[in-house]
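Where a number appears in this text, it was derived from the coordinates with a stated rule and is not lab data. Everything numeric in this text was worked out from a predicted model, so none of it was measured. We place every Cβ from the backbone using ideal geometry, glycine too, and count neighbours over all the protein chains shown.
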Amino acid sequence: MPGRASVNFCFRFGASYIAPQPSKEVLAAMASFATRPQSLQPGSADSINPGLTFNDVAPQETDYVFPKFRALSAVLIPGYFIDFSQGTVLKDSMPLLEEQTLYCDHVYWRTREWVGAVNQVVWDDKPDKAGAPGINTEMKVDWRKAPDIARGLLMKPPAVKAVSCTVDFTWDASHPDLLEKRIFWQSLGEEIEGEIVRMIVTKILDYYEVSFVYKGANPGSNGLLPDEDEESEFSAGGKPAKLSSRKPPLSLIEDKEIKKVKLTAEQKKKYGLEAHAGDDVADTIVLAAVDSAFSSFESRLASATAIVDSERAEVLRLATLAEADQDGKLPTVLSDMISKADGSQLPGIKTLYQSKAEAKFTKTCQKCGSTDIATRSSVEAPPIAAGSEPIASTNLL
């Protein structure tokens with residue numbers, strides 16, 4: 001079908017959590033764990049505790065904490081412009097998310113970096129802060145294996161408070177004609193014909209893993225779930241409990257409309273947005289353009305700085321030749337002046353000290369010893385003696 005694209009992508013999207021207080025049994029296990037040195041980490045033979053037994057390695061239910069997160073919401077992800085809101089595409093993917101391994105910062109290609117697993121998932125029809133339903137998860141974090149992560153989850157306020165999923169999916173273009181014109185990607189995020197240019201997810205093929213991250217891509221699902229002092233969405237036995245009918249506070253529901261910025265024609269030209277129709281531009285597009293312009297400015301600034309530094313070094317060299325004291329040092333006042341001179345001042349200062357440096361050293365011909373030497377860019381022909389005939393151009397052939 002013309003204008004249709006079916007491509008697999010992997011993107012990482014973030015979420016929010018709530019970490020219940022560990023039970024007395026878990027706290028007791030944590031306390032007993034500290035009474036004698038143990039190691040569950042790989043290493044050389046002399047680094048492994050010889051007292052480590054099978055009972056130390058065999059998992060116990062008291063070895064885990066169970067934080068709860070909104071893993072992914074049925075929304076258009078800002079910045080990425082990937083739309084998970086169509087139909088039941090997100091809800092249908094829940095079995096793929098069950099029992100996925102937990103890592104940190106998406107370092108999932110190193111097996112030993114695991115910190116736990118997805119214990120269970122449940123569909124939550126209640127809107128999150130972005131005003132959309134989504135997948136809630138209960139994580140199973142091994143505090144013996146990753147005590148720092150567990151501590152960050154349990155502290156108040158939490159130091160670890162977001163998760164991110166690596167998602168493999170197929171998609172359709174919201175504007176197939178832009179694909180045919182080969183301008184789809186550069187138009188991503190713009191509003192054209194009343195609709196945001198985006199990738200519409202048609203099917204989620206897999207979740208590679210779930211990771212604890214500093215912040216997820218979905219701003220609507222970062223932060224605490226509105227679950228305080230309410231019935232838990234998950235039972236202690238590891239099976240989903242019946243969802244409560246509570247609604248989130250109004251303060252947690254954000255406006256789903258994309259914010260726009262009004263730009264003049266000069267501003268659009270400045271940021272490379274001339275092709276954008278109308279004066280109102282999505283703020284995410286403007287931010288991306290500003291970031292791109294700033295990156296270009298940084299690159300040019302680095303090049304200009306290198307040139308100015310080289311010119312400054314040459315001026316300091318000439319000034320030292322012309323004005324150095326008996327110890328061969330340039331007076332501090334002059335060196336400070338040259339060091340503070342900007343790029344527009346250096347050429348004039350260079351010409352001044354170049355003349356002084358040349359005047360300080362007498363030029364002498366290495367062949368005849370004459371000091372009558374002119375500085376020229378070319379060699380001139382000797383003058384013709386008076387009364388002599390110029391040599392005529394003769395064709396010898």
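What number of residues in the stretch 311-346 are loosely packed, with under 10 Cβ neighbours inside 10 Å, under 38 Å from the mean Cα position of the chain (by Cα) and either among the hydroxyl-bearing types (Ser, Thr, Tyr) or assigned to a helix (DSSP H, G or I) (or both)?
Summing the residues that are loosely packed, with under 10 Cβ neighbours inside 10 Å, under 38 Å from the mean Cα position of the chain (by Cα) and either among the hydroxyl-bearing types (Ser, Thr, Tyr) or assigned to a helix (DSSP H, G or I) (or both) in the stretch 311-346 gives 2.
For the stretch 176-199, enumerate the residues that are crowded, with 20+ Cβ neighbours inside 10 Å and part of a strand (DSSP E or B).
Met199 - this is the single residue of the stretch 176-199 that is crowded, with 20+ Cβ neighbours inside 10 Å and part of a strand (DSSP E or B).
For the stretch 130-157: of the residues being β-branched (Val, Ile, Thr) and over 17 Å from Lys91 (Cα atoms), which is nearest to the chain's Cα centre (by Cα)?
In this case the residue turns out to be Ile149.
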